[in-house]
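The values are calculated or read from the model by the stated rules, or taken from the named source; none is laboratory data. Please read all numbers here as calculations on a predicted model, not as lab measurements. All Cβ positions, even for glycine, are placed from backbone atoms using ideal geometry, and neighbour counts span all protein chains on display. To get the accessible areas, we keep the full protein, side chains included, count just its heavy atoms, and leave off ligands, DNA and RNA. Shrake-Rupley method; radii C 1.70, N 1.55, O 1.52, S 1.80 Å.
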Amino acid sequence: MGGGRAQVNKAHKSRFASRASRHAHKIDKVRSGKSETSHRAAVKGARAARIQQSKAIRDKKRAALLKEKRSSNGPSSAPRVIVLVGLSSLANVGSLAKDLLAFAEGGDGKLKSSTVASPTYKLRTTVLQAPYGDLTTCMELAKVADLLAFVLPANSFYSSDSSSPIDDFGSQCLSVFRAVGLPSTAVFIRDLPADNKSRQELKKAATSFLSAELPEDCKFYLADTKDDLHKFMWHFKEQHLSSPHWRSQRPYVMSEQVSINPDENTGLCTLLVSGYLRVHNLSVNQLVHVSGAGDFQLGQIDVLKDPCPLSERKSSDVMETEDNGIQIVNTFVPDPSSQEPLLVENVPDPLAGEQTWPTEEDMEEANINNKQRKLVKRKLPQGTSEYQAAWIVDDTDDEDNDSDNDNQAGSGMVIDEQGHSDQGSDGSDIDAVSHFTEKFDGETIGDSEMADEENLTKDQIEAEIKKIKEANADDEEFPDEVETPLDVPAKKRFAKYRGLKSFRTSSWDPKESLPSDYARIFAFDNFTRTQKHVLAKMAELDGGAKDCAQMGSYVRLYVKNVPTDIASKLCHPSRRVPVVVSGLFQHESKMSVLHFSIKKHDSYEAPIKSKEPLIFNVGFRQFTARPLFSSDNINCNKHKMERFLHHGRFSVASVYAPISFPPLPLIVLKNRDGEQPAIAAIGSLKSVDPDRIILKKIVLTGYPQRVSKLKAIMRYMFHNPDDVKWFKPVELWTKHGRRGRIKETVGTHGAMKCIFNSSIQQHDTVCMSLYKRAYPKWPEQLYHA
């Protein structure tokens with residue numbers, strides 16, 4: 001019945017179980033002391049804890065999202081800023097701005113302000129126009145834009161002047177906006193034909209053309225009729241606006257009104273800036289930065305009644321009313337004990353490095369050392385008295401010593417030989433040829449040949465050097481070559497330079513021989529920890545402090561001690577950019593050494609030299625700096641200085657500037673005579689570190705005069721025997737990959753014997769690398785209004 005096969009059951013897997021588990025059923029559970037449900041309860045409790053934790057995280061995110069939505073869309077939020085930018089000269093930005101403001105206000109009357117409240121859409125909007133052709137103004141307006149709207153006329157697709165609806169200025173604007181950080185973006189298409197089919201075709205063409213230039217979430221709108229504007233306003237009301245991360249960290253006020261309260265006979269005044277406070281709460285004890293003017297303290301903050309409310313309601317909390325009808329709701333006055341001091345530079349003590357009077361411990365130690373010296377026995381000539389013995393100096397130097405003693409202090413240039421693990425073969429290569437030394441010493445140079453060289457005049461030597469240089473003019477891969485001067489000794493001309501056994505591993509003390517400007521700056525023990533502490537302090541202000549103006553409120557800031565000439569420029573009626581007052585973090589007014597990751601802009605072709613005056617735009621700040629360019633070595637704490645900023649690759653620009661906490665974008669401008677400043681480079685803030693070591697490298701070159709396998713007579717690297725002795729400890733290398741060292745001087749015109757680790761050729765070039773630490777230049781004037 002069951003067939004020819006018998007049932008086969010699976011084998012019991014007791015062989016995989018432990019001995020304790022096999023005998024677990026024999027143990028009395030009451031005597032074991034373990035509850036029957038203890039493991040199950042533990043698992044259940046852990047699961048409940050995970051569920052509770054995930055619920056808390058979810059509720060926290062929901063509360064943060066709701067708070068952000070209320071702060072951006074609620075009735076107490078600041079008006080949303082729309083900046084209109086024309087991508088070509090054909091775009092009529094002014095007419096679109098008037099249509100948007102008139103439609104949002106809902107009336108046909110004359111517009112009084114660029115900010116309107118729309119009860120229909122329950123939204124307040126500020127519309128600003130970016131002037132075509134003024135790249136600096138467009139960049140400043142993009143920094144405060146909540147929505148960056150590009151205006152594209154339909155007739156630009158049919159223009160015969162160019163094949164692209166975006167001209168050169170529009171392309172330059174797009175590249176700068178991407179470097180600053182794009183907020184939410186939109187495209188308005190104007191001057192469309194009447195038929196619906198052509199309108200949709202043009203919209204598709206604009207979308208396909210601009211989709212590669214703009215973010216993925218960019219919206220395209222037709223903006224000719226009221227129905228088109230109505231559709232945009234409904235989408236704009238519900239849109240979640242994104243902003244650059246650097247702007248979401250700092251409170252700022254974009255001016256609606258600016259005025260001056262002059263102080264008598266001081267040249268200073270109080271700048272009054274009225275506007276909506278955005279992003280964060282602002283404390284009256286904070287320092288603020290006025291764009292283009294500098295850092296200042298606040299004298300007072302007045303919270304005013306909103307001049308453009310969504311709904312008119314009688315306010316019962318008005319404290320007082322001024323003569324001009326402005327109603328003050330609240331006033332904050334700084335506390336002198338907790339107000340942040342306006343400290344820009346450190347004041348060094350000129351006597352800090354002076355020697356003090358020795359203490360008693362120092363005197364006792366000196367006496368002990370003197371007694372020990374007297375106990376040392378010296379060999380003296382017979383009949384020498386004790387008085388004569390005191391004047392005899394121990395002569396430990398032997399003039400006939402071998403070249404090993406030349407590396408001692410005072411006998412030549414000091415070379416750092418620590419950490420040469422990456423060039424372990426160099427020492428062995430030099431030792432491998434040491435047995436050739438005796439043979440090389442026996443060889444001499446013909447007297448007639450040396451006499452001919454010594455009889456050359458200075459002009460003949462320069463002409464011969466020039467001839468050799470021209471013959472080797474194709475060495476663009478060695479840009480650090482310099483010529484040794486004929487009239488100045490090399491050890492004086494290059495006294496600040498030193499040799500390094502290994503650029504990567506040799507030590508270099510970052511505190512050694514610092515310039516006097518380093519006494520004026522500030523440094524951090526731990527920059528990352530300080531930044532976390534500063535951001536946590538800003539979060540406490542948002543929690544609700546007593547001396548803080550709330551985000552979204554209409555405030556009037558009293559910025560004190562502003563120079564009158566700068567303030568008058570900020571208040572000039574012809575100014576097309578609103579004044580931006582941004583709050584500063586702690587320490588952000590102090591000077592230090594800032595390092596930026598920088599890249600030359602594609603549209604700028606002129607050379608940019610190190611230490612050349614440039615205008616740095618870092619976030620809301622704009623200041624003048626003289627940067628020092630360098631490479632960025634990942635596996636090394638030393639970085640090579642670059643004389644120019646090169647195309648197509650990133651470098652590091654180091655400047656003396658006020659401290660800023662990253663991330664922050666960088667736009668570098670270059671002034672031009674009689675023209676608008678040009679965009680020279682873009683980048684971002686990398687770090688704040690005065691101890692970053694930047695080394696300037698020079699290469700001295702010489703040429704073989706006579707070659708014998710591993711040995712050669714070199715000339716034209718030096719012109720003085722004393723220079724050869726001074727630079728004797730420094731290692732040599734050739735452009736064909738040989739390594740060597742200086743043996744001794746030859747003649748009186750700087751020729752020298754050298755030994756190499758392999759055979760050297762007659763057409764090779766011998767080089768010596770020297771380094772010194774370089775520093776940026778202190779700016780003559782930091783801010784230009």
Residue check for MET717: touching a Phe, Trp or Tyr at 6+ places or on another chain (Cβ under 9 Å) and assigned to a strand (DSSP E or B): no
Some residue of the stretch 538-549 being open to solvent by less than 80 Å² (accessible area, probe 1.4 Å), at pLDDT 90 or above, under 29 Å from the mean Cα position of the chain (by Cα) and more than 23 Å from TYR783 (Cβ to Cβ): no
When residues of the stretch 229-275 are limited to those that are among the charged types (D, E, K, R), at pLDDT below 90 and surrounded by 13 or more Cβ atoms within 10 Å (Cβ to Cβ), the one nearest to GLY299 (Cα to Cα): ASP263
In the stretch 178-197, the residues that are open to solvent by less than 40 Å² (accessible area, probe 1.4 Å), hydrophobic (A, V, I, L, M, F, W, C) and not in a helix (DSSP H, G or I): ALA186, VAL187, PHE188, ILE189, LEU192
Number of positions in the stretch 746-785 that are part of a loop (DSSP other than H, G, I, E, B), of a type in the set (A, V, I, L, M) and crowded, with 21+ Cβ neighbours inside 10 Å: 1
Some residue of the stretch 658-670 being assigned to a strand (DSSP E or B), of a type in the set (Phe, Trp, Tyr) and touching a residue at least 12 places away in the same chain (Cβ under 8 Å): no
Any hit, the stretch 198-210, residues being closer than 30 Å to LEU685 by Cβ, small (Gly, Ala, Ser) and open to solvent by 20 Å² or more (accessible area, probe 1.4 Å): no
Those residues of the stretch 230-249 which are touching an Asp or Glu at 6+ places or on another chain (Cβ under 9 Å) and closer than 17 Å to SER684 by Cα, in sequence order: SER243
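Matching residues to (1) open to solvent by 60 Å² or more (accessible area, probe 1.4 Å); (2) touching an Asp or Glu at 6+ places or on another chain (Cβ under 7 Å); (3) without any contact (Cβ under 8 Å) to a residue 40 or more places away in the chain:
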position	(1), (2), (3)
PRO563	no, no, no
LYS569	yes, no, no
HIS572	yes, no, yes
VAL579	no, no, no
SER589	no, yes, no
HIS595	no, yes, no
LYS600	no, no, no
Residue satisfying all of: in the stretch 295-342; within 20 Å of ALA78 (Cα to Cα) and of a type in the set (S, T, N, Q); modelled with the lowest pLDDT among these: SER315
Meets criteria (small (Gly, Ala, Ser), touching a residue at least 12 places away in the same chain (Cβ under 8 Å), assigned to a strand (DSSP E or B) and under 23 Å from TYR554 (Cβ atoms)) for SER259: yes
ALA97 vs. criteria out of contact with any Cys (no Cβ under 6 Å at 6 or more places or on another chain) and not in a helix (DSSP H, G or I): no
Exclusive hit being without any contact (Cβ under 8 Å) to a residue 40 or more places away in the chain and either open to solvent by less than 20 Å² (accessible area, probe 1.4 Å) or assigned to a strand (DSSP E or B) (or both), set PHE296, PHE220: PHE220
Residue count for the stretch 720-734, restricted to those that are open to solvent by 30 Å² or more (accessible area, probe 1.4 Å), in contact (Cβ under 8 Å) with a residue 60 or more places away in the chain and either of a type in the set (A, V, I, L, M, F, W, C) or not in a loop (DSSP other than H, G, I, E, B) (or both): 3
Flag if SER311 is among the small types (Gly, Ala, Ser) and open to solvent by less than 40 Å² (accessible area, probe 1.4 Å): no
Residue within the stretch 96-112 that is on the phi > 0 side of the Ramachandran plot, of a type in the set (Gly, Ala, Ser) and under 27 Å from the mean Cα position of the chain (by Cα) present: no
The listed residue being part of a helix (DSSP H, G or I) and either in contact with a His (Cβ under 6 Å, 6 or more places away or on another chain) or not aliphatic (A, V, I, L, M) (or both), out of ASP509, ASP565, ASP525: ASP565
